[in-house]
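Derivation of every value follows stated rules applied to the coordinates shown; laboratory data play no part. Please read these numbers as outputs of a predicted model, since none were measured by experiment.
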Amino acid sequence: MIGATATATEMQNNFGKYLSLVMEGREVIVTKNGKEVGRFVPKEAAVSYLTDSLTGILKGDYNLDRVKEERLKEKYEITD
């Protein structure tokens, strides 16, 4: 669940606030110049994210990049 969106400067100046959100199980999207540059996520979500990115390999799909991108976008609400 997305908890907040913060600019890199906001994240730097209010790290404790965003850390608390992550500790509650929420994620924080970090932006720079209006573009998403990263996500601050709970540990459990990070492990799940990495595992999900390998799902295409385990299923034997040949276009792994496309499959991975689609699955991650669906699960983590990634927008371009």
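Before moving on, here are some points about what is shown:
- Remark on Thr31: its backbone amide H falls under 5 Å from those of Ala6, Thr7, Ala8, Val37, a criterion applied only to residues 5 or more positions apart or on other chains, H modelled at 1.01 Å from N.
- Whole-Hz Karplus values for the stretch 17-24 come out as 4, 6, 4, 4, 4, 5, 5, 7 Hz, taken residue by residue from phi with 6.51 cos²θ - 1.76 cosθ + 1.60 and θ = phi - 60°; glycine and proline positions read x.
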